[in-house]
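One structure below.
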Amino acid sequence: MNLKEIAAQLATPVLLNDYVAYGDVAAAIETADGTIYTGISIDTACSLGHCAEHSAVSEMLKHGEYRIKAVVAVDSKGNAMSPCGRCRELMSQLAEENKHARIEVRNGIFKTLEELLPFDWKTTAEEQR
Ligand SMILES: [Zn+2]
């Protein structure tokens with residue numbers, strides 16, 4: 001099973017109550033060590049939820065890993081979705097090499113994190129020293 005298929009298995013929307021839904025989006029991260037971590041989105045009233053990528057990153061960090069080789073997030077139909085700006089930034093701050101992480105941004109279209117975050121503020125700060 002590939003990374004996208006693993007994520008797609010988890011993208012099953014659940015409406016918990018009038019305020020909380022989860023699982024609309026699922027993500028899978030493959031680390032540099034080859035381990036796969038997954039996460040699901042949580043959407044709540046008052047914007048207290050988080051993205052599926054954020055959840056997968058948390059799971060990865062829980063196991064002491066932070067170097068990302070590949071990432072994919074999918075909707076409930078299994079279509080690849082590009083990570084939001086917050087998740088791009090989160091993954092980029094974990095390790096410099098994560099800028100080379102391969103991300104499926106649309107079905108069959110892959111970009112590196114670096115391509116999604118041009119003129120990264122960390123790189124710019126280092127260049128200006
Ligand atoms: Zn996000």
* **Point-charge dipole on Cβ atoms (K/R +1, D/E -1) for segment 3-127, about Cα centre, debye to 20** => 200
* Once segment 12-63 is represented by equal point scatterers at the alpha-carbon sites, with solvent omitted, what log10 I(q)/I(0) does the Debye formula produce at q = 0.17 Å⁻¹? -> -0.51
* Structure fact -> Largest fluctuation, 21, 45, 11 only, Gaussian network model of the chain with Cα springs under 10 angstrom, belongs to 45
* Given the Cα-Cα distance of residue 48 and residue 14 and 0.36 nm per residue of separation, how much length would full extension add, in nm? -> 10.6 nm
* Given q = 0.15, 0.22, 0.25 Å⁻¹, what are the Debye log10 I(q)/I(0) values for segment 52-116, with equal point scatterers placed on the Cα positions and solvent ignored? -> -0.41, -0.88, -1.11
* Structure fact -> Sites removed, the longest contiguous part of the chain containing no DSSP-loop chymotrypsin sites (Phe, Trp or Tyr not before Pro) with at most 14 other Cβ within 10 Å is 20-118
* Structure fact -> Semi-axes a, b, c in Å (a largest) for segment 1-105, each sqrt of 5 times a Cα gyration tensor eigenvalue, come to 22, 15, 11
* With an 8 Å cut-off on Cα pairs and a minimum separation of 6 or more residues, tell me the relative contact order of segment 67-129 in percent. => 31
* Just need the relative contact order of segment 19-129 here, percent rounded to a whole number, with Cα pairs under 8 Å and 6+ apart. => 21
* Between 33, 24, 43, find the one with the highest GNM mean-square fluctuation for the chain; connect C-alpha pairs within less than 10 Å. => 33
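Each value in this text was obtained by applying a stated rule to the coordinates, not by laboratory testing. Predicted model, so just to flag it, every value in this text is computed and none were measured. Here Cβ is always computed from backbone atoms with ideal geometry, including for glycine, and neighbour counts include all displayed protein chains.
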